[in-house]
1. Please work out if Asp391 is among the charged types (D, E, K, R) and surrounded by fewer than 18 Cβ atoms within 10 Å (Cβ to Cβ).
2. Would you call Ser64 outside any loop (DSSP other than H, G, I, E, B) and under 26 Å from Tyr160 (Cα atoms)?
3. Just one of the numbered conditions (1) over 18 Å from Gly102 (Cα atoms); (2) outside any loop (DSSP other than H, G, I, E, B); (3) touching an Asp or Glu at 6+ places or on another chain (Cβ under 9 Å) is not true of Lys70; which one?
4. Among Asp52, Asp97, which is crowded, with 19+ Cβ neighbours inside 10 Å, of a type in the set (Asp, Glu), in contact (Cβ under 8 Å) with a residue 40 or more places away in the chain and in contact with a Lys or Arg (Cβ under 9 Å, 6 or more places away or on another chain)?
5. Among the residues of the range 21-31, is any closer than 18 Å to Ile115 by Cα, polar (S, T, N, Q) and modelled with pLDDT of 75 or more?
6. Taking the condition within 23 Å of the chain's Cα centre (by Cα), crowded, with 21+ Cβ neighbours inside 10 Å, closer than 18 Å to Leu129 by Cβ and of a type in the set (Ser, Thr, Tyr), does Thr255 pass?
7. May I ask you to verify whether Glu451 is surrounded by 20 or more Cβ atoms within 10 Å (Cβ to Cβ) and at pLDDT 70 or above?
8. Mind telling me which of the residues Phe376, Phe424, Phe388, Phe324 ends up being within 18 Å of the chain's Cα centre (by Cα) and either basic (Lys, Arg) or more than 28 Å from Thr460 (Cα to Cα) (or both)?
Amino acid sequence: MKKGFTLVELIAIITLLGLIIVIVVPVTNYIIDKREKDAFKVSVYGLLTAVDEEYASNGKTFPSNGLNAKNIDIDINNKEQFTKGKITYRDNTYYADRISNGKYCVSGTRNDLKIVSCSIHLVDEDLYLNYNFACPMDEKECGHGDYIDPHQLISVTFGYDDAPSEYYYSYDVGSKPGMITAYLVRNGNIRDRSICPPNAVCPGAPPETPAFDLYVISDYKIFAPGDSEELFYDFENVRKYEFNNFDTSKVYNMTFMFECNYSLETLDLSSFDTSNVESMISMFEECYSLETLDLSSFDTSNVTNMDCMFEYCESLKNLNISNFDTSDVESMAGMFRGCYSLETLDLSNFNTSNVTNMGNMFNGCYSLETLNLSNFDTSNVTNMGGMFSIDEEGEDEASEVRATLDLNLSNFNTSNVTNMGGMFARRNVKNLNISNFDFSNVENISYMFEENPYLNTSFTLNFDASNGNYNSFLRNAAQYGQVNIRLDCGNYSPANIESVLATANYSNRVNVTEVSCPAKHTITVSDSTVTPSLSRAYPGTNITLKAQNKKIVSFKMNGTLINDRKFTMPSINANVTDIELTDQIYVESEHNPYANNIDNVVYYENTFPGATSIEVILNYATESTSYDWVYVYGSSSTFGKYGGFVNKGENLTTNITVPGNYIKIVFRTDNIVNEYYGFDATIAPVY
């Protein structure tokens with residue numbers, strides 16, 4: 001009796017069949033795949049042969065930019081199978097460049113055809129866009145020998161699409177011949193904006209010139225060059241770009257990339273890979289027509305410089321930089337300068353810990369009403385000159401629309417800042433909180449609050465910085481507001497204080513409080529006909545004396561007022577009032593004390609307890625005629641008389657040692673000391 005298979009036998013048979021399938025199917029697929037590949041290679045061989053016969057044999061000129069395999073106009077069987085790729089001619093040979101049937105790609109010559117990847121890979125082949133892809137930078141010839149004027153371009157498109165059906169001419173722009181082609185398509189006319197602006201009537205202006213759309217086409221991804229500085233610079237009439245097949249992953253420099261694109265209206269950069277970019281200096285400078293710019297996709301983690309990045313984007317109203325990583329940025333000078341239309345700007349996400357330069361950062365942003373700098377770290381910043389200012393040349397234009405801005409800068413650390421010149425000049429700013437500003441290293445605060453009519457603020461101004469420039473520091477500031485200044489006299493300089501106050505046209509709205517200043521001193525006058533005045537006569541700094549007649553004026557100073565100091569009685573040839581001069585003994589009267597026919601005597605008198613002697617260095621100039629004297633008295637009598645008649649007003653120096661601890665010096669002139677220094681004395685006790 002015939003029996004069936006047992007379960008074990010069935011399992012063994014099924015397993016065996018499975019093994020046969022595993023072995024046979026791949027082999028079968030391989031054979032089929034190899035036959036298909038070989039058949040397609042034969043088709044490409046036939047295509048190259050047909051091209052050779054069409055052009056070389058018939059004497060026709062082969063296109064310099066190659067033939068698109070998809071649209072080839074040659075009588076050949078089954079040519080519809082070719083979907084992508086090009087045939088190019090170089091080194092006297094026809095090449096197949098990744099010609100595809102949708103499944104396989106073939107490259108090479110008829111003698112060496114190979115199946116290759118249909119995709120471009122960085123590991124084996126980079127296709128970079130030539131730096132001067134439209135040949136505008138150095139005016140070299142390209143394509144068919146025609147110079148391409150970038151001013152005639154009105155649009156630029158990158159893509160995979162086929163060449164336009166009708167084009168003005170084409171040219172190679174790739175680093176590998178025949179792989180990237182640019183096409184110019186005629187699209188109306190355009191005129192020179194610098195001579196005749198759009199929509200204007202300009203009699204006698206040059207005629208309009210042809211306008212073109214630029215298409216940059218490749219079957220593969222197009223890589224921008226690593227150094228893309230000025231890549232689209234000065235394309236002043238381009239209104240839009242499309243970057244469908246444009247890869248920026250290798251770019252490290254985008255400096256001036258879109259500068260002077262005056263007509264640019266739309267710009268979608270969401271496809272840009274900026275992860276390797278280090279510089280974005282002036283990247284969008286003078287993109288006058290841009291109203292909206294979304295850079296939320298930008299990776300700026302490696303950027304170190306954003307100077308003038310959006311400078312003079314005059315129409316920009318909506319700017320999305322909310323995801324900017326600025327942790328490595330060192331300079332933001334002029335970053336938003338001239339962004340006239342920006343009304344709101346939130347930079348609370350900015351990390352500015354490494355920034356050293358913020359000069360003119362928001363200069364000219366006269367429409368700003370809200371500016372959030374709450375997280376700004378300015379501890380390393382040295383330059384804030386013109387940071388929030390409005391340029392004087394743009395003042396008239398901005399005056400009608402200038403917004404009033406509240407600024408809370410209480411978080412600013414200005415300990416390293418040396419330049420605050422014009423920081424808020426001509427800005428409508430009130431409720432300005434700079435209460436924590438440190439001026440100790442500032443060398444220039446000139447015009448800092450010039451033309452700030454609504455200024456309302458309080459701050460402490462110290463004089464530790466010896467190089468302060470106070471030109472127009474408060475000119476026309478606080479016309480409608482109030483400025484409260486606390487003067488910290490740690491390193492007191494009355495000349496600086498007078499300079500500060502003198503710059504305020506509305507001094508009635510400037511309230512000055514002195515803190516940490518030495519006590520004031522009273523000047524004792526020995527002549528009953530002289531009316532003394534109080535002054536900021538802090539120790540060793542300044543003395544002012546007002547005299548009401550033409551007679552002898554004398555006074556003496558007590559205590560430590562001028563110990564170990566140098567004092568000068570200067571030459572002044574004009575009627576003066578209320579003058580204070582640093583480190584100078586100065587005698588002032590209704591009439592010039594050094595005028596002709598006036599005798600003036602100024603006494604310095606002091607004691608130095610415990611001193612064994614007093615050393616004096618006298619420097620003095622004499623008149624060109626008559627006599628000038630310096631008398632020195634010791635503890636009991638006249639010690640010496642120095643000076644006298646010297647022709648042509650020469651300068652003299654005398655070193656004196658006065659025994660004991662008492663000294664009196666009398667400076668006397670009986671006539672003018674014209675154009676010379678007068679007298680000064682350096683006095684030092686010896687113990």
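The values are calculated or read from the model by the stated rules, or taken from the named source; none is laboratory data. Please read all numbers here as calculations on a predicted model, not as lab measurements. Cβ sites come from the backbone with ideal geometry, for glycine too, and all protein chains shown count toward neighbours.
1. Considered against the rule, which asks whether it is among the charged types (D, E, K, R) and surrounded by fewer than 18 Cβ atoms within 10 Å (Cβ to Cβ), Asp391 comes out as no.
2. The answer is no for Ser64.
3. Just one mismatch for Lys70, condition (1).
4. Numbers: Asp52 fails: crowded, with 19+ Cβ neighbours inside 10 Å.
Answer to the selection: Asp97.
5. Taking every residue of the range 21-31 in turn, none turns out to be closer than 18 Å to Ile115 by Cα, polar (S, T, N, Q) and modelled with pLDDT of 75 or more.
6. Numbers: within 23 Å of the chain's Cα centre (by Cα): yes; crowded, with 21+ Cβ neighbours inside 10 Å: yes; closer than 18 Å to Leu129 by Cβ: yes; of a type in the set (Ser, Thr, Tyr): yes.
Against the criterion (within 23 Å of the chain's Cα centre (by Cα), crowded, with 21+ Cβ neighbours inside 10 Å, closer than 18 Å to Leu129 by Cβ and of a type in the set (Ser, Thr, Tyr)), Thr255 qualifies.
7. Taking the combined requirement at face value, the residue satisfies it.
8. After applying the criteria, what remains is Phe324.
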